Every structure is written in C-alpha cells, then in structure tokens.
Amino acid sequence: MTTLELESPGNEFEKLFSEKAKDLMARLEKNDLAGAVGLIQELQKVRDENLYQEIGQLTRALHESIKKFKLDSSVQGAGSDIDEANDGLAYVVDMTAKAANKTMDKVEDSLPLSQGIAAESNEIHQQWKRFLNKELNPTEFRELCKHISTFLKSTESNTQKLNQNLNDILLAQDFQDLTGQVIQKVTTMVTDVESRLVNLVSMAGHVDQLTGIQHGEINVEHEEADLNKGVGPQVHADEEEDVASNQDDVDDLLSSLGF
Amino acid sequence: MKILVVDDFSTMRRIIKNLLRDLGFTNTSEADDGNTALPMLQSGNFDFLVTDWNMPGMTGIELLKHVREDERLKDLPVLMVTAEAKRDQIVAAAQAGVNGYVIKPFTAAVLKEKIEKIFERAG
C-alpha cells in the first residue's frame with residue numbers, strides 16, 4: 001500500500017500566519033495602513049494557494065483510493081475489491097461446509113466398522129474365556145475357530161477401510177490453509193480501506209481548517225444490536241463482562257436464576 | 001422419543017443428529033428456522049426440541065415463545081444450542097421458559113448432561 005503523504009503545508013502556513021499577524025499589529029501600531037492591507041492580501045493569497053493544494057491532494061487521494069479498490073466500476077458486483085472480498089468469504093463458507101460434510105461422511109462410514117469390530121471381538125473374547133476355563137465342547141471349539149478366522153479376515157479389510165477414512169479426514173482439513181489465506185487477504189484489504197478513510201478524513205480536516213468550516217457535532221447513529229435477532233459468536237467472550245465465556249458461566253447464571 | 005433439530009446450518013444439524021444418535025435417540029427430524037419448525041411441531045407429535053437462536057426468518061427465541069404460547073406445545077422440553085452468549089440473552093431465554101442452554105462450541109458430554117437433566121426433571 002502506498003502511504004499518502006500527510007505532510008501538509010498547513011503547519012508552515014500557521015507559522016507564516018502568526019509571523020505575519022505580529023507584523024500586521026506592528027504596522028497598525030505604526031499607522032501603516034497600506035502596509036497592513038498589503039499584508040492581509042498576501043496572507044489571503046498564501047491561504048488560497050494552500051487551499052487549492054490541499055483540495056488537489058484530497059481529490060487525488062480520493063481518486064487513488066477508488067482506483068486502488070477498483071470501486072469505479074459503475075455496476076455493483078463488477079470486480080471491485082469489496083466484491084472480491086465478498087466472493088472470498090463466500091468461498092470460505094463453502095470450503096468449511098464441504099470439509100465438515102466430508103469429515104462427517106467419513107465418520108459416519110467408520111463408526112459401524114469400529115462398532116462391529118468391538119462387538120465381534122467382545123463375542124470372541126467371551127468364548128475364549130470359556131475355552132480357557134475348559135467349558136467348550138469340540139463343536140463349540142470348532143465354531144470358535146471358524147469365528148476367529150472370519151473375524152481376522154474381516155478385521156483386516158475393515159481396519160484398512162478405517163485407515164483410509166482417517167486419512168481422508170486428515171486431508172479434509174486442508175481447507176484451513178486455503179481459507180486462512182483468503183481471510184488474511186480480506187483482513188489486509190479491510191485494514192487498508194480503514195487507513196485510507198482515516199487519511200481522507202484527516203486531509204479533509206486541513207481543508208476545513210483553511211476555509212474555517214466547522215461541521216458541528218456529526219451524529220452517526222450506532223445501530224444497537226438486536227439481542228432478539230441474535231448477535232452471533234462472541235469473539236472476545238473472555239474480556240467482556242456481559243458475556244458468558246463458557247458453559248460453566250451459563251450454568252452458574254441459570255442456577256442463580258433458580259434453574 | 002421424537003426430536004426436532006432446528007439450525008440454519010446443515011452441518012450443525014448433522015453434528016447434533018449424530019450426537020443424539022450416539023445417545024440412543026434415532027428418531028430425529030430437521031428444520032432450518034422457526035418458520036419451518038413451528039408447523040412441524042404443531043402437527044408432528046414431537047417430544048423434544050433442540051434449537052439454535054440466530055436464524056433467518058424466525059429465530060430460536062421467537063420459536064420458543066410461540067411454543068410456550070401454544071396450548072398443545074407449551075410443555076414441550078426445549079434445549080437451546082447456540083453461539084449467543086450475552087448474559088441478557090441467557091436470562092431472556094430462561095424467562096421465555098427454556099429447559100436448557102448450551103453454548104457453541106460445545107462437547108458431546110455437555111449435550112448429554114443437559115439432555116439427561118431435562119428428562120430427569122421432566123420425570
């Protein structure tokens with residue numbers, strides 16, 4: 001980002017102004033009226049020059065910012081940085097949803113496998129204990145052997161499938177890298193927009209100073225968040241007093257209400 | 001036990017449904033906001049409602065209020081599972097007659113504990 005020169009001739013102008021003011025007083029005391037008027041005209045000229053310069057800079061900065069963020073396209077949704085940020089965030093929502101669904105697909109696919117292995121090994125274990133206690137008759141023993149044999153065979157393929165699913169779950173987390181990059185880009189853009197806006201306001205301030213314009217109190221209505229509509233997750237839950245930072249806080253609050 | 005899970009994000013509905021299944025509740029239905037949930041509740045003989053707060057259309061707190069105002073639904077146990085964590089909101093939910101309040105992100109253990117507590121109390 002190119003930082004716009006904020007160095008303004010304002011300070012120099014002020015210095016000149018106070019110097020000339022002293023001069024002006026001196027001339028008036030000496031009854032040098034023509035000299036005094038000349039001084040006032042000189043001041044006026046410097047002020048005008050400064051004003052044009054300030055307005056010129058402000059206009060340039062405004063143009064630069066509009067160009068920088070490609071906001072000059074007449075149609076909304078035609079490739080400005082804001083549109084790009086919107087697209088980026090939509091991509092993040094999409095990627096995270098896909099990853100969550102893929103992970104859940106694999107988990108739902110794996111659960112019956114691991115549950116099956118647990119159930120069957122439990123069954124075999126019971127029979128095995130009976131075998132060790134010499135409680136099995138030859139027919140039961142043959143059945144146990146057959147059971148163990150099929151169990152080992154199925155466990156081989158089932159665990160292979162489980163490994164595959166775990167690997168897929170691992171790979172499904174690759175969204176973090178991609179979405180992280182997109183979000184960082186958007187964050188940089190937002191910060192850039194903010195600093196440029198602050199810059200423009202400060203430049204406009206110089207113009208106000210030179211023209212003596214006073215805006216009075218500018219009232220911007222802050223929208224109160226409607227708690228009924230919901231305000232979403234609390235990012236700084238730990239730091240805010242009116243926010244429950246975890247489930248224990250919620251439980252404490254509810255129990256204080258007689259829950 | 002017939003349960004309705006209301007959340008505008010399908011992934012969250014899926015997570016909750018999976019956790020409920022793990023707890024032995026297999027008869028679950030889904031809705032994506034209060035507007036779709038309310039008619040389902042009114043015609044569906046549900047025994048339990050799990051709802052998010054922040055949803056487009058009708059929010060969870062509004063849904064809760066509608067449920068409490070409905071003669072046939074007013075005793076339906078309602079568990080709020082939401083990212084809304086402001087104290088005022090939790091108090092508002094309690095005043096509206098919520099039976100349990102779980103904040104996201106949550107664990108399977110917390111969900112289980114709250115559900116058990118609700119049914120313990122309901123007898």
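Legend: translational diffusion of the range A:33-93 by Stokes-Einstein, Rh = Kirkwood radius over C-alpha pairs, 20 °C, 1.002 mPa s; D = 142 µm²/s. Within the shell of other residues whose beta carbon sits under 14 angstrom from the beta carbon of residue B:62, the net charge comes to -4, with Lys and Arg scored +1 and Asp and Glu -1. Computed over neighbours whose Cβ is under 10 Å from that of residue A:175, the net charge equals -1, Lys and Arg +1, Asp and Glu -1. When the C-alpha to C-alpha distance is required to be over 23 Å, the pairs from A:98/A:185; A:15/A:68; B:17/B:104; A:22/A:45 that qualify are A:15/A:68.
From the largest down, the range A:113-251 spans 108, 37, 23 angstrom on the principal axes of its Cα atoms. Contact order, relative form, for chain A: 25 percent (alpha carbon pairs under 8 Å, 6 or more residues apart, mean separation divided by residue count). Label-to-label distance, residue A:255 versus residue A:48, with points set 7 angstrom from Cα along the beta-carbon direction: 7.9 nm.
Subtracting the Cα-Cα distance of residue A:37 and residue A:237 from 0.36 nm times their residue separation leaves 65.6 nm of extension gain. Using the alpha carbons alone, the radius of gyration of the range A:75-190 stands to its Kirkwood radius in an Rg to Rh ratio of 1.39. In this label model, residue B:117 and residue A:62 are separated by 5.8 nm, measuring between points 7 Å along each Cα→Cβ vector.
A straight Cα-to-Cα reach below 24 Å connects residue A:134 with the lysines A:146, residues fewer than 8 places away in its own chain not being considered. Could you give the alpha-carbon Rg of the protein assembly as shown over 2.2 N^0.38 Å, rounded to two decimals? Normalised Cα radius of gyration, the protein assembly as shown: 1.64.
What FRET efficiency would be calculated for the residue pair residue A:220, residue A:101, taking the C-beta separation as r and a Förster radius of 35 Å, to the nearest 0.05? So the FRET efficiency works out to roughly 0.25. Each of A:96, A:211 has some number of other Cβ atoms within 10 Å of its Cβ, and from fewest to most they run A:211, A:96.
When each full DSSP H helix of chain A is screened for a Cα extent of at least 27 Å along its own axis and an average Kyte-Doolittle hydropathy of at least 0.0, the helices passing are A:175-211.
Between the amide H of residue A:243 and those of B:87, distances stay under 5 Å, these residues lying 5 or more places away or on another chain, with hydrogens modeled in the peptide plane. Dimensions of the range A:171-259 from C-alpha coordinates, computed as largest minus smallest value along each principal axis and given longest first, are 63, 45, 23 Å.
Sorted fewest first by neighbouring Cβ atoms within 10 angstrom, B:101, A:91, A:52 come out as A:52, A:91, B:101.
Counting Cβ atoms of other protein chains within 10 Å of each residue's Cβ and taking the mean over peptide A:97-107 gives 2. Here the peptides A:249-258, B:85-94 are ranked by packing, the mean other Cβ count within 10 Å, and the order with the highest first is B:85-94, A:249-258. By the rule of a C-alpha distance below 13 Å, with chain neighbours fewer than 8 residues away ignored, the aspartates and glutamates paired with residue B:2 are B:30, B:47. Modelled label positions at residue A:209 and residue A:228, each set 7 Å beyond Cα in the direction of Cβ, lie 4.8 nm from each other. Just checking the listed ones, B:44, B:97, B:34: in the Gaussian network model of chain B with Cα springs under 10 Å, the one fluctuating most is B:44. Neighbours of residue A:147 by Cβ distance under 13 Å: Lys/Arg scored +1, Asp/Glu scored -1, total 0. How would the range B:2-122 be classified by its alpha-carbon gyration tensor: rounded, prolate or oblate, with rounded meaning a/c under 1.5 and the a/b versus b/c comparison settling the rest? Judged from the Cα gyration tensor, the range B:2-122 comes out rounded (a/c under 1.5). Which of rounded, prolate, oblate describes the range B:1-69, given a ≥ b ≥ c as roots of the alpha-carbon gyration tensor eigenvalues and a/c under 1.5 marking rounded, otherwise prolate only if a/b is larger than b/c? Cα axes put the range B:1-69 in the oblate bin.
Under a 5 Å amide H cut-off, with hydrogens placed 1.01 Å from N, residue B:102 pairs with B:80, B:81, B:82 among residues at least 5 apart or on other chains. Computed per residue of the protein assembly as shown from DSSP H runs no shorter than four, each worth -39500 (n - 2.57), the mean residue ellipticity at 222 nm is -22500 deg cm²/dmol.
Computed from the coordinates by the stated procedures, all read-outs in this text should not be read as laboratory data. Not measured: the values here are computed from a predicted model. Please note: Cβ atoms are built from the backbone with ideal geometry, for glycine as well, and neighbour counts cover all protein chains shown.
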